[in-house]
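Please treat every number below as a calculation from the coordinates, not as lab data. Source: prediction; values computed, not measured. Reconstructed Cβ throughout: ideal geometry from the backbone, glycine too, with neighbour counts over all protein chains shown.
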Amino acid sequence: MTTTQPAPTGQVVPLVEVTIDGVRTEVPKGTLVIRAAEDIGIAIPRFCDHPLLKPAGACRQCLVEVATPDREGTLRTMPKPQASCTLEVSPGMVVSTQLTSEVADKAQHGVMEFLLINHPLDCPICDKGGECPLQNQAMAHGRATTRFVDVKRTYPKPLAISTQILLDRERCILCQRCTRFSDEIAGDPFIELQMRGARQQIGTFDSGVLGFAGDAPVGAAELDDSGRPFASYFSGNTIQICPVGALTSAAYRFRARPFDLVSVPSIAEHDACGAAIRIDHRRGVVLRRLAGDDPAVNEEWISDKDRFAFRWQVAADRLVAPLVRDGEDGSGPLVETSWADALDVAATLLAQRRGSLAALPGGRGTLEDALAWSAFTRVVLGTNDVDFRSRAYGGAEEADHLAARVAGSGLDVTYADLDGADVLLAGLEPEEEAATIFLRLRKGVLAARTHVTVLGPYLTRGSAKLRATLLPAAPGTEAEVLEATDTFGASDGDRPRIVLVGERLAAAPGGLTAAAALAERTGARLAWVPRRAGDRAAVEAGLLPILLPGGRPVADESARAEVAAAWGVTPPAAPGRDLAGILDALRAGELAGVVVGGVELEDLPDPAAALAALEAVRAAGGVVVSLEVRRSAITELADVVLPVAPPAEKAGTFLTWEGRPRAFAAVFDTAALGDAAVLGLLAEEIGTPLPDASMPAWRGQRVAAARLDAPAPPEPGPGQAVLATWRLLLDAGRGQDDEPHLAGTARRAVALMAESTARGLGLQGAAEVTVRGPRGSVTLPLVLAGVVDGVVWLPFSPRERAGAAALGAQSGDIVEVTA
Amino acid sequence: MTDTLTPVLSDIWDADRSWTLATYREHGGYRALARARELAPADLVELVKASGLRGRGGAGFPTGLKWSFLPPPDGGPRYLVVNADESEPGTCKDVPVMLANPHVLIEGVAITSAAIGCEHAFIYLRGEVVHVYRRLLAAVREAEEAGLLQGLRITVHAGAGAYICGEETALLDSLEGRRGQPRLKPPFPAVAGLYARPTVVNNVESIASVPGIVLGGAEWFTGLGTPKSAGHGLFSLSGHVRRPGQYEAPLGITLRELLELAGGIREGHRLKFWTPGGSSTPILTDAHLDIPLDYEGVAGAGSMLGTRALQIFDETVSVVRAVSRWIDFYKHESCGKCTPCREGTYWLQQVMHRLEEGRGTPEDIRTLEDVAGNILGRSFCALGDAAATPVQSGLEHFREEFEAGCHTPARDLFPYEASALATAGTASARGGREVTA
């Protein structure tokens, strides 16, 4: 835990002199006594206190004796011991903790005894036993034996708060950290205190507990997949901050003892936020992940996806040995083989086709992996036909934007900047796509330091929790709306302005151009927020057809010369093909092969076309080499599959959306190799060793930023609507495989549209709607919401049912909607 | 002795249909409001300050001073909230005031609102007293229709029945529609109270005393009572007295005088112990008959004036049984927010029941003492302290009865039937100045 009070940035806080246990110290005005004591190494026991939550003063464990000088300067001891977690220091205050005051010691012993009378003595079977603040502090500040000979309070247990969070009410000491976190930090008050006195308990809305006649909560309550009142994307944090074993994880419960676990600090791989995590493993198996403590990035919070989704790395379809095609002609099924054989086969196939090969390296790798891919493409494959983008994307406009404004720009806008700014979000739903950004924005918003404006088709629940102003824009009109916007925010420019563009904005033609122009017009700083952990590193490494490492333009001769000097090999001069160009060329026979890594077919803008392209190139005698952690639709098509290590089994560096390097070590020392190592071996086998591709940022002329005018907005005809869609935090993504408890807390898949739209489509009273696209249709429950007229929103890829991904249509495309 | 009584709030309780606007006006009602409207708000505050009126809800904080704590007007709303959540065992003064003469409260609300710049006042009423709720609603409507409120909005809110909501910040949370639990202070309600706006929270009797002060003047008020405890107050005698009821008298009257007014302890019995101001004030004994019942006098005897709810117990009553019932109440009503009150009352209840059943141990008595000490002054709000005081004062004055609980049930030592005020099947033996609606 941090020991300092978060102070608003840029303000000088006067110091206050206080004496604690005879030690004089100076702390900033407004510091709580418990923090001032921590600063000089005096630990006051506590339960409800948490440095990132508002003071509660509920548990009364941290009582100390306090004296303050009166007007004449005479010290006067307060008649009652004071809760040090709620009391701010004042000049001349003299504090006596349990170390020097019998009153404080007695009070603390008394409270500890109270907490224990109704606490079960089940530590040996409790998940928290061994890392339990109650256990530890009871040992330090409690009685050796109990005087309580009466009847303890018991409850049926556990109570499933969600599919993922279980509550043992009898262990709960009612410190309210969980409810305060849910309300203050996450904004999801899905649990609350109920009943009173000794029967007071934490719970979700429960008509049984509350003795209601029946009936659901009043007002709009979102339901999770199980039909219960909604869960939260951040609920796992409540388990971690619970000072007893009352809240436990369904996935971890009874699986391990804390003292048997080995902890390794790491970085979460599910998004570009770079949240610090702690990985706990035992005998080669990861058993749980916890939030790490990094005030600059995620403070002490992570999303449930970062916490609970890790078994994908050891899923049953994990590749353990290289695969090659059986049979002389390479047409047989994939069979396991040795690394030597697989490298030999791959090297031979690639070397034969050198000059007409391309690379699709995906966006999930580390910086080291991305640099290896960049060098491999240029040096070994001898091409600039490379594109890390494996999602709906913006072609040349986006590539130019990334080359001009992102690559090599270093650490610019940071998390800290978001707390104290007017922020415009375009093509970005932070709660779904960048959870750490969401929490930081919310912190600033609640403190009235940040104002959020969001460009989108409707005000999502996440945006509502950010108290955001909606800049309504139907998909396809983003550029037009941004062009028509002259200002944003609530401070008249007193606060810095920041424009955060999500990767989705690229898919709206002209969107990035308009966002950059708006930033320039309003004096705002501009930052790009991708979804995937490796996207920013890919940009830095030059995994684009027009870009070399460090933001060097391929087209710039001196940039190429710098690369040549560093690598000892001159990169190709001609700009390459991007994703669509590569797939077209593969289909048309212009390319004879491709090396693919970390790409999910379903993520691509047109999975069917991509599949056809890969099939076509193999049918034409071309080659597909795949580097993958797990079997996928693409490995099934490959000639050679080289297994690569998941994050837990390799060391590396993720780059956050900010450009912040987030180095992490391998959790396990296994035989699995990272992409960089595998590409290195393959390059050796081909006979062209890879250079170290890392390079400092480019100082020369950048690619000129693209200018693309806003296109004409889509105009849906009768029976049609414009599709809006994005990925939700919890969905069918393969990174969440094998996590049923987590999956149970996903949002319910529904179709959203305005009442007027529904009326226009003749859908009055319809419980479900069917949306048809070029490739298929999906049927989802209809929910009327404040969506821009003429637009239907669908989740992209929910786990339980088909979503927009099944339509073969992108955001902004026109789809048919029927009852 | 009748000149000892100073009926002000209770003056018209015996009038026909005393709760109506017409009756109230016949007896001079709303003249104070008219006079108050001629005064500047600051002068009203000064007047109440000068009167020495102290909070009648139990704590005794100077009312005028409380009003003066409001920050200067900033154009936003400021609220008056009347605490009518009278819930303490023994306390029964506000309910009769509102039942018999709701208009004196409404007039006080209107004057106070004028003094503090409030345009919307609230009366937070204990929800169980539905008949009072109806009286208040009717009185507000009458006053409004008579044009007496001049734009002031008065909302009467019925609570859902929780002792904790008598704590002023829990009351505010409850009034806002939240779970009633005390708030962290600071900020105090004067700065950020209802809906985080400057708010004055006062007891019913305090506010109802304001019209009298406006009409009679500060000097009249300070002429009643004692130097530091000015004015009149309702003394609610209950229990083993011949004529239980409300006795409105100057502060500083003694129990001996009050008992004389009430006809003494019931026939054939003598005083054993009493509470000066409800169950949360430490009990006193017949040694305290002559202490002046004002804030200082009672404090000097080791108790608190509280709400002047004098519960009188004669020699037939088991102290262990009485304390046990009070602890049942505090355990039932603990809000649960803080550990000492929530867990301590849970524990005390089990020990007290054991002692009452004669199954206690000497260790239990030490535990009782220690647990009460660990609650007192350690809880989040004063209601935790309230749970500890009956135990502590009971042990202080009647320790031998607790010790007897280690071998003999309280029922054997003090047959419960002997304490009963009425036996099954007979009508109440009560008399005196009871008010019937």
Length gain on complete extension for the stretch B:GLU267 to B:GLU400, per 0.36 nm per residue less the alpha carbon to alpha carbon distance? 45.2 nm
In what sequence do B:ILE327, A:ILE814 fall when counting other Cβ within 10 Å, fewest first? A:ILE814, B:ILE327
Quantify how much of the Cα-Cα distance distribution of region A:387-470 extends past 17 Å, in percent. 54
By count of other Cβ within 10 Å, fewest leading, how are B:MET352, A:MET195 ordered? A:MET195, B:MET352
At R0 = 41 Å the Cβ-Cβ FRET efficiency linking B:ALA15 and B:ALA40, nearest 0.05, sits at 0.75
If you place +1 on the Cβ of every Lys and Arg, -1 on the Cβ of every Asp and Glu, and leave all else neutral, what size is the dipole of region B:234-314 about its Cα centre, to the nearest 20 Debye? 280
Working from Cα positions, state the angle (0 to 90°, nearest 10) between the long axis of helix A:557-567 and the longest principal axis of chain A. 70
Per residue of B:346-353, how many C-beta atoms from partner chains lie within 10 Å of its own C-beta, taken as a mean? 4
Where a ≥ b ≥ c are root eigenvalues of the Cα gyration tensor, a/c under 1.5 meaning rounded, otherwise prolate if a/b exceeds b/c and oblate otherwise, region B:256-322 counts as oblate
Most packed first (mean Cβ within 10 Å per residue), the peptides A:603-611, A:762-770, A:702-710, A:45-53 order as A:45-53, A:603-611, A:702-710, A:762-770
With an 8 Å cut-off on Cα pairs and a minimum separation of 6 or more residues, tell me the relative contact order of chain B in percent. 16
Please work out the C-alpha center-to-center distance from region B:268-306 to region B:326-355 and express it in whole Å. 24
Can you tell which of B:THR112, B:THR20, B:THR91 shows the greatest fluctuation in a Gaussian network model of chain B with Cα springs below 10 Å? B:THR20
What does the average come to when, for each residue of peptide B:328-341, you count the partner chain Cβ atoms lying within 10 Å of its Cβ? 6
Dipole of the protein assembly as shown (Lys/Arg Cβ +1, Asp/Glu Cβ -1, origin at the Cα centre): which of A:ALA697, A:THR74, A:ALA819 lies farthest to the positive side? A:THR74
Given an 8 Å cut-off on Cα distances and at least 6 residues of separation, report the relative contact order of chain A as a percent. 13
How big is the charge dipole of the protein assembly as shown about its Cα centre, in debye rounded to the nearest 20, if each Lys and Arg gets +1 on its Cβ and each Asp and Glu gets -1 on its Cβ? 1860
Classified through the alpha carbon gyration tensor (a ≥ b ≥ c as square roots of its eigenvalues; rounded if a/c is under 1.5, else prolate when a/b is larger than b/c, else oblate), region B:21-222 comes out rounded
List the chymotrypsin sites (Phe, Trp or Tyr not before Pro) within region A:237-269 that DSSP assigns to loop and that have no more than 13 neighbouring Cβ atoms inside 10 Å. A:PHE254
Summed over the other residues with a beta carbon less than 15 angstrom from that of A:ARG734, with K and R at +1 and D and E at -1, the charge totals -1
Note the direction-averaged projected area, equal to a quarter of the hull surface, for the Cα convex hull of region A:257-362, in nm². 10.4
With unit charges on the beta carbons (Lys and Arg positive, Asp and Glu negative) and the dipole taken about the Cα centre of chain B, which residue among B:GLY60, B:VAL320, B:VAL191 sits farthest to the positive side? B:VAL191
When ranked by the protection proxy of mean other Cβ atoms within 10 Å per residue, highest first, what sequence do the peptides A:505-516, A:447-458, A:408-419 form? A:505-516, A:447-458, A:408-419
Out of every Cα-Cα pair in region A:720-818, what percent are more than 21 Å apart? 30
Straight-distance crosslink candidates among lysines, where the alpha carbon sits under 28 Å from B:LYS272 and sequence neighbours closer than 8 are dropped: B:LYS93, B:LYS331
Taking only Cα atoms, what is the 0 to 90° angle, nearest 10, from helix A:102-117's long axis to the longest principal axis of chain A? 60
What ranking of A:ARG147, A:ARG391 emerges when the number of other C-beta atoms within 10 Å of each C-beta is taken as an exposure proxy, fewest first? A:ARG147, A:ARG391
Determine the shielding of peptide B:374-385 by partner chains: average, over its residues, the number of Cβ atoms on other chains within 10 angstrom of each Cβ. 4
Could you calculate, for chain B, the ratio of the Cα radius of gyration to the Kirkwood radius, expressed as Rg to Rh? 0.97
Please report, in whole Å³, the volume per residue of the convex hull around the C-alpha atoms of the protein assembly as shown. 199
Compute the long axis of helix B:339-356 from its Cα atoms, compare it with the longest principal axis of the Cα atoms of chain B, and write down the angle in degrees, 0 to 90, nearest 10. 40
Based on DSSP H runs of at least 4 residues, each adding -39500 (n - 2.57), what is the mean residue ellipticity at 222 nm of chain B after dividing by all its residues, to the nearest 500 deg cm²/dmol? -13000 deg cm²/dmol
Bridge type composition, chain A - antiparallel percent by DSSP, nearest 5: 60
Positive-end residue of A:PRO265, A:TYR393, B:ILE106, charge dipole of the protein assembly as shown with Cβ unit charges: B:ILE106
Of all lysine pairs in chain A that are eight or more residues apart or on different chains, those with Cα atoms under 17 Å apart total 5
